């Protein structure tokens, strides 16, 4: 009976995984998708316990309770500005889990066929790279480590030598079983080092792509571990996460008009906000208004487009922006949100941020949908976005963001830019938009600024 029940449970688990992933592809159904996938994972855990005849269920459930509690507390307490860091940590934990399972399987003893040892090596490699790489990404995003690219001469060649060392160690372990344990430890150590060196040269501008890629790695590590312990649920779920992560990474790269190889090896971008070396033309001038001065322009607008960026998350202004939207719509103004695929510090950062404030999904438009409408837009309100609205991407061949698809906000009749200062974005370059004739800067905290605007419009 058990031989029949367990495969059926695994089958239902896989179905829930697939349905959950499909629902996660749209903000409207994302919450339901997360719950659906969680049910699939619960079924997989139950099937695994039954399949392996685990008798000490008490310890298992205590571990599940502790882990779930920690996850729930983190999810509730972590602010939206820190969500990319949390995602990076979760990716790292996924890699660490695969590393630990593969290590446990190795030290369980017995003779290993060459194929199984190579699969264990693959699981350890991907899991270690994901774990240490995600930890470095967390440090960069948290500001503990400098966000700009950290490189040294011959770094890529050195990384290549590390990969060759891993391959040599795995093959040597297969050919000489007496050295298997030593080679395994070398593989773990070198893989952890490779993960660190993999992320160090990647700048802050590329962090959304890195997070997506590491998420894919965590899935691939789980898939490899599934082959190690012969668990269908791990193979299926890991494959789904790995494939979806690769697809998302490709989407993010297209959003920046860059290849994955350029992201990983070019060292573009920085999260450092030091402008000491930023060359600003003293002949350029900007227009600056107070929030009270903008009321008439908003009141006479027929369409307003709001462009959220990381600065919106920092200021925690999403709820106040929603108030502004409702107020303008009450006056007959059409309000839309323009979402760039790499806005924020992780994939979907702005979508999640706006969803938290219960902003209707129908108000959100991606780059391809909204760009044709900017010429017909009376007012565009840019809140904390920088590189994704920089016109230099269209014509400046010397710019690091040249060719990147941007939101064509400069084509609007009037552009209001809410910023704390003139500091550059992640790419570390000056934004031409700030000096356009139709651009008006509003300096200050985004939440306070929008709050004042709401008060004036009432």
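Values quoted throughout were computed directly from the atomic coordinates according to the rules given, and no laboratory measurement underlies them. Computed from a predicted structure; not experimentally measured. We place every Cβ from the backbone using ideal geometry, glycine too, and count neighbours over all the protein chains shown.
Side notes on the structure shown:
- Each residue, residue 32 and residue 230, gets one label point 7 Å from its Cα in the Cβ direction; the gap between the two is 3.9 nm.
- A simple packing score, the average count of other Cβ atoms within 10 Å per residue, orders the peptides 68-78, 410-420, 428-438 as 410-420, 428-438, 68-78, with the highest score first.
- A protection proxy built from the mean count of other Cβ atoms within 10 Å ranks the segments 150-158, 337-345, 370-378, 224-232, most packed first, as 337-345, 224-232, 370-378, 150-158.
- Our analysis of the stretch 66-157 gives Rg over Rh at 1.10, with the two radii drawn from alpha carbon positions and Rh computed by the Kirkwood formula.
- Chain lengthening between residue 66 and residue 79 when straightened (0.36 nm per residue, less Cα-Cα): 2.5 nm
- Overall dimensions of the stretch 100-204 as given by Cα atoms, namely Rg and Dmax in Å: 15.4, 47
- Taking a ≥ b ≥ c as the square roots of the eigenvalues of the Cα gyration tensor, the stretch 78-265 is classed as prolate, since a/c reaches at least 1.5 and a/b is larger than b/c.
- Evaluating kT/(6 pi eta Rh) at 25 °C and 0.890 mPa s, with the Kirkwood radius of the stretch 1-108 over Cα pairs in the Stokes-Einstein relation, gives 153 µm² s⁻¹.
- Value of relative contact order over the chain, rounded to a whole percent, pairs C-alpha under 8 Å and six or more apart: 14
- Cα-based equivalent ellipsoid, the stretch 291-457: semi-axes from gyration tensor eigenvalues, Å: 23, 17, 16
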